[in-house]
Amino acid sequence: MKKQLLFLLLLFPLFAVAQVTISPNPILVDQPVTITVDATATTCNSIVNPTKIYAHLGLGDETDEYGIKVIGNWGQDDGIGEMTNNGDGTWSITLTPNTYFNLTASEEVNVTKMGLVFRNPNGTQELKLDNGGCQNFVFNVGAFQVDMINPTSNGIIAVNNGASTQILAQNTNGNATYVLKANGAVVNTTTTNFYNYSFSNITENKYCQLEVSQGTETVTKTFTILVNNAASEALPAGMVNGINYTSATSATLVLEAPLKDFVYVAGSFNNWTPSDADAMKKDPATGKFWLAINGLVTQQIETYQYWVGAENTVTDSPKLVKIADPFSTVVLSPFDDPSIPTSSYPNLPVYPAGQEREVTVLQTGQTTYNWQVTDFEKPKKEDLVIYEVLIRDFDKNADGGRNFQQLIDRIDYFKNLNVNAIQLMPIMEFEGNESWGYNTSFHMALDKYYGTEAKFKEFVDVCHQNGIAVILDIALNHAFGRNPMVRMWMDDPDNDGWGEPSSENPYFNQVATHSYSVGSDFDHSSTLTKNYTKRVVQHWVEEFNIDGFRWDLTKGFTQNCSPSDENCTNQYQADRVAVLKEYADYSWSLDDDHYVIFEHLGGTQEEKEWADYRISEDKGIMLWGKMTDPYNQLTMGYASNSNINGMGHNSRNFDAPRLIGYPESHDEERLMYRNLQFGNTSNTSHDVTNLNTAISRMSALGAVSLTIPGPKMIWHFGALGMENSIYTCNNGSVNVPGGSDGDCKLDTKPQPQWDNNWLTNATRSQVYNDWSRLNDLKVNQPVFEGDYVINNPTNPDVNTLTPRIYIFDNTIPSDQLNNVVILANFDVVSQNITPDFPFTGTWYDLMDATNSTSINVTSTTAPLSIPAGQFKVYGNAVPQNLSTDTFDLSSAFKLYPNPSNVSFSVNVEVKKVQVIDLSGKLIQTYNGTFKAGHKFYIHDLAKGLYLVKTETNNGQIQTTKLIKS
């Protein structure tokens with residue numbers, strides 16, 4: 001017994017944890033303590049070459065070491081928590097807890113823990129404990145401490161029916177009185193400093209409290225003993241993984257958990273204390289666990305978790321984990337939900353008190369969304385102009401909300417630019433709130449920071465009403481520690497509930513099988529992973545009418561390589577080709593003209609196989625085509641490495657236009673930023689580092705990128721000359737890669753485009769208008785679906801500041817637009833460019849919407865003078881059927897959605913609204929005081945074009961067009 005006791009005592013927390021020491025120990029709430037951190041020590045994070053270090057400190061209790069008081073302003077160099085440099089790589093701070101934290105008497109009594117994190121002044125670097133994952137340093141506070149030995153920190157003991165288990169605990173500062181309660185009844189009382197009690201013949205779950213008292217202080221430890229009571233029973237027909245709503249008052253839950261022996265459903269409907277009746281049944285044919293939940297109240301919000309147990313696991317893998325449903329469509333998070341603005345998610349369900357980690361929301365009788373567009377016709381792949389958006393950085397409202405409503409309110413911005421697809425960076429439930437979204441944890445749940453399911457459906461509906469497709473970026477190469485499939489089969493040596501995939505994990509590789517690993521690497525050779533992936537695709541297509549997916553990091557979908565072998569990762573991998581074709585086939589089985597897009601960025605043979613796949617059926621997979629560097633050379637004014645031939649599909653020998661070429665994306669530095677930093681300054685009258693000069697050159701960028709046949713992409717606010725670096729920090733500074741304070745790439749960005757009303761800026765709005773015209777041409781003129789040649793027709797592989805693009809389709813009659821010549825001058829001085837027109841005759845300036853500007857070409861090689869940074873787009877005939885709408889970009893007035901089927905709104909308060917048909921007949925009048933956003937219903941209007949005339953309270957009158965769809 002002495003040997004066992006010594007071992008157990010060695011488990012008691014030490015007062016020094018690798019990088020951090022405290023003196024004296026233990027920490028007493030009313031006595032000075034010195035905290036010292038070794039900034040040179042290796043940990044999961046680090047602070048590189050610090051000039052200052054700040055201690056971000058908190059006091060709390062057993063459940064939350066930061067739960068009572070926190071001191072330190074993260075990211076502010078304000079002296080609060082500043083430490084002293086000891087000159088040997090260590091830094092110290094001395095404080096007395098009760099005065100430093102300004103504790104009240106009641107707070108002082110409840111303090112048992114101190115949490116510590118160390119950061120540089122602006123908060124971009126931090127030092128935490130490497131304990132299987134970055135965590136706060138935690139130390140005990142007070143002379144009297146109690147530690148549980150069994151159960152360990154997760155507070156769960158799993159046993160077989162009829163088995164026994166020991167309850168072990170120990171305390172400091174002498175003997176204490178231990179009172180053990182199970183299911184509310186006292187089962188044992190004793191006085192000791194080492195507690196040992198045995199439960200025997202356990203046949204039902206026990207919910208326990210161990211109350212430990214010494215003098216006036218009492219510490220309560222709660223824990224649960226769960227019994228393996230899984231019964232074998234066939235799964236009812238038609239049930240799928242996750243929630244199956246079987247009636248307005250019932251649901252059947254299904255969980256697929258290989259190698260697990262029992263599962264309990266704990267939730268609001270059983271007060272989070274599951275009994276035998278809440279043990280999931282196990283289907284003998286499939287091994288799936290299932291349970292029917294009856295007696296639910298229609299439309300009432302319920303929450304639940306699965307408590308998943310195994311009798312035997314691999315070393316360091318927990319025998320029981322608590323997880324939300326992997327197939328959740330709404331989850332609540334104790335980590336993220338408190339900072340979600342009310343404007344983004346009104347009436348957010350309350351996270352259940354006393355629980356931990358994510359929980360799933362269950363609600364019967366949900367209201368079905370009334371789709372206004374049920375037969376949306378997607379734009380042709382050849383005509384796509386995709387606008388890539390990170391919702392977080394697109395716009396914000398008064399309370400800081402960054403959500404779908406901002407996109408709805410700005411639908412005219414997209415419509416007026418004539419884009420026909422919006423591609424959203426990941427919106428599935430991700431870890432944290434202000435994220436890029438590629439750290440997805442629940443792939444079927446919408447991230448609540450962006451809004452509700454109903455609001456997202458409204459956004460999709462509004463887009464479809466305006467002829468705009470919606471494409472989602474999905475990250476199914478990897479997941480992170482909150483993902484339930486990671487946690488069900490994980491290595492957790494420190495028993496803190498977090499870890500990486502274990503050798504038993506049926507979804508994830510323990511070691512990534514490619515060289516671009518982030519997070520935990522999905523094994524796409526696994527049937528379970530394939531089924532999960534297809535279910536995710538099905539959910540977004542069928543529930544939200546999503547038109548396409550951009551598959552992130554497709555190079556990771558192989559099982560053949562290793563993290564260190566980049567050559568292997570970039571070589572042809574047959575398994576990767578096959579599984580991604582399988583996923584494309586599945587998408588097309590749900591939606592025949594679904595957009596399938598891969599971010600592969602290399603691997604010519606693979607890309608061609610995908611691009612040409614089922615092309616005879618007008619399918620084919622679209623590939624991202626990064627062309628940032630050569631286009632940036634042009635916009636900066638340098639000829640070297642400026643060959644833009646790779647912007648089109650011909651450069652990759654695709655059978656059809658399936659290359660989404662782009663000069664900018666979320667992953668690349670802003671062209672405008674580099675223009676201003678490194679642009680050509682050789683001509684003082686056209687200095688590219690001058691803001692207005694640099695912006696003005698972006699129109700020409702659009703002319704030589706957007707027009708090339710095939711789908712194209714715009715990164716948000718490129719059309720307004722956005723110059724903020726992608727490495728801009730929260731505070732507005734720029735930290736480039738390799739800097740001492742981190743690169744800030746993932747930081748939330750400022751909003752100058754709206755704060756400074758860029759649409760009213762003449763230079764920026766010119767770029768926007770030019771791109772709008774170019775997009776209109778591309779989308780509506782059949783010639784832009786034809787063939788093309790870039791630069792010298794006989795030698796297209798050249799670097800030049802005066803690129804020429806020839807677009808043609810000889811199947812179009814000669815009296816129609818069947819030839820286009822695009823000339824641009826990216827030099828800093830005027831240039832005479834030989835146009836090499838295909839033939840003589842009248843050529844029309846296609847940028848002139850009035851079709852009144854033309855030139856008479858008598859010599860196809862006669863040079864044309866083009867000023868620095870400018871361009872020309874000539875066509876052999878006047879374009880037909882272009883958009884006839886005109887927009888006043890300087891106006892703050894907006895009418896949306898437009899076209900509309902049911903109602904429209906305006907973004908200002910008005911007192912009178914009139915709807916007039918094109919003959920001038922007054923159709924409808926609305927009189928009163930109408931707040932911004934009020935819906936004016938037009939159910940009874942016939943389809944067609946109308947004028948809407950509004951009058952504000954101060955007498956301003958605005959007239960705009962409305963299309964009733």
Determine which member of the set Asn183, Asn205 is surrounded by fewer than 18 Cβ atoms within 10 Å (Cβ to Cβ) and within 18 Å of Thr224 (Cβ to Cβ). Asn183
Unmet criterion (only one of (1) of a type outside the set (S, T, N, Q); (2) under 23 Å from the mean Cα position of the chain (by Cα); (3) not in a strand (DSSP E or B)) for Trp771: (2)
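Take the conditions in a loop (DSSP other than H, G, I, E, B), among the hydroxyl-bearing types (Ser, Thr, Tyr) and modelled with pLDDT under 95 and apply them to Ser344. Does it pass? Explain how you work it out, then say what you get.
Details: in a loop (DSSP other than H, G, I, E, B): yes; among the hydroxyl-bearing types (Ser, Thr, Tyr): yes; modelled with pLDDT under 95: no.
No; evaluated as a whole, the condition is false for this residue.
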Wholly enclosed strands (runs of 3 or more DSSP E) of the range 127-172 bearing at least 2 residues of a type in the set (S, T, N, Q), within 25 Å of Gly67 (Cβ to Cβ) and touching an Asp or Glu at 6+ places or on another chain (Cβ under 9 Å): 163-171
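Filter the range 791-824 for residues that are among the charged types (D, E, K, R) and over 19 Å from Pro863 (Cα atoms); which is modelled with the lowest pLDDT?
Residue satisfying both the conditions and the ranking: Asp797.
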Counting just the residues of the range 848-870 that are modelled with pLDDT under 95 and within 16 Å of Asp770 (Cβ to Cβ), which one comes out surrounded by the fewest Cβ atoms within 10 Å (Cβ to Cβ)? Thr850
Between a residue in the range 560-589 that is free of Cβ contacts under 8 Å to residues at least 60 places away in the same chain and any residue that is assigned to a helix (DSSP H, G or I) and hydroxyl-bearing (Ser, Thr, Tyr), which pairs come within a Cβ distance under 8 Å, given they are 6 or more apart or on different chains? Cys561/Thr569; Arg576/Thr554; Leu580/Thr554; Tyr583/Thr533
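So, in the range 816-841, exactly how many residues are among the aromatic types (Phe, Trp, Tyr) and crowded, with 17+ Cβ neighbours inside 10 Å?
Going through the range 816-841 one residue at a time, the tally reaches 2.
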Among the residues listed as Pro737, Pro813, Pro750, the single one being in contact with a Gly (Cβ under 8 Å, 6 or more places away or on another chain), in a loop (DSSP other than H, G, I, E, B) and either surrounded by fewer than 21 Cβ atoms within 10 Å (Cβ to Cβ) or at positive phi (or both): Pro750
Of the residues that sit in the range 666-690 and are free of Cβ contacts under 8 Å to residues at least 40 places away in the same chain and in a helix (DSSP H, G or I), which one is nearest to Asn643 (Cα to Cα)? Gln677
Subset of the range 680-694, residues under 32 Å from the mean Cα position of the chain (by Cα) and either buried (at least 24 other Cβ atoms within 10 Å of the Cβ) or farther than 26 Å from Leu390 by Cα (or both), comes to Ala694
Could you please give the count of residues in the range 204-251 that are within 18 Å of Val187 (Cα to Cα), aliphatic (A, V, I, L, M) and in contact with a Leu (Cβ under 7 Å, 6 or more places away or on another chain)? 2
Is there any pair linking a residue in the range 222-247 that is without any contact (Cβ under 8 Å) to a residue 12 or more places away in the chain to one that is part of a loop (DSSP other than H, G, I, E, B), with Cβ under 9 Å and at least six apart or on different chains, and which? Asn244/Pro236; Asn244/Gly238
Just give me the residues in the range 569-620 being among the aliphatic types (A, V, I, L, M), farther than 21 Å from Phe544 by Cβ and out of contact with any strand residue (DSSP E or B) (no Cβ under 9 Å at 6 or more places or on another chain), in sequence order. Ala574, Val577, Ala578, Val579, Ile615
When residues of the range 633-648 are limited to those that are within 31 Å of the chain's Cα centre (by Cα) and hydrophobic (A, V, I, L, M, F, W, C), the one nearest to Leu691 (Cα to Cα): Ile644
Among the candidates Thr707, Thr693, Thr760, Thr684, which residue alone is in contact with a Gly (Cβ under 9 Å, 6 or more places away or on another chain) and in the same structural domain as Tyr662 (by the TED database)? Thr693
Go through the range 707-734 and report how many residues are part of a loop (DSSP other than H, G, I, E, B), of a type in the set (A, V, I, L, M) and within 20 Å of the chain's Cα centre (by Cα). 1
Residue satisfying all of: in the range 906-940; among the aliphatic types (A, V, I, L, M) and not in a strand (DSSP E or B); modelled with the lowest pLDDT among these: Leu918
From (1) surrounded by 16 or more Cβ atoms within 10 Å (Cβ to Cβ); (2) touching a Ser or Thr at 6+ places or on another chain (Cβ under 6 Å); (3) assigned to a loop (DSSP other than H, G, I, E, B), pick out the condition that doesn't hold for Tyr844. (3)
Those residues of the range 214-226 which are over 44 Å from the mean Cα position of the chain (by Cα), surrounded by fewer than 17 Cβ atoms within 10 Å (Cβ to Cβ) and either part of a strand (DSSP E or B) or of a type in the set (D, E, K, R) (or both) amount to Glu217, Thr218
Please count how many residues of the range 66-114 are farther than 23 Å from Thr51 by Cα and either over 38 Å from the mean Cα position of the chain (by Cα) or not aliphatic (A, V, I, L, M) (or both). 20
Looking at the range 585-606, can you tell me whether even one residue there is crowded, with 18+ Cβ neighbours inside 10 Å, among the polar types (S, T, N, Q) and in contact with a Leu (Cβ under 7 Å, 6 or more places away or on another chain)? no
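The values are calculated or read from the model by the stated rules, or taken from the named source; none is laboratory data. Model, not experiment: these values are computed from the prediction. Every residue, glycine as well, gets a Cβ built from its backbone with ideal geometry; the counts of neighbours run over all protein chains shown.
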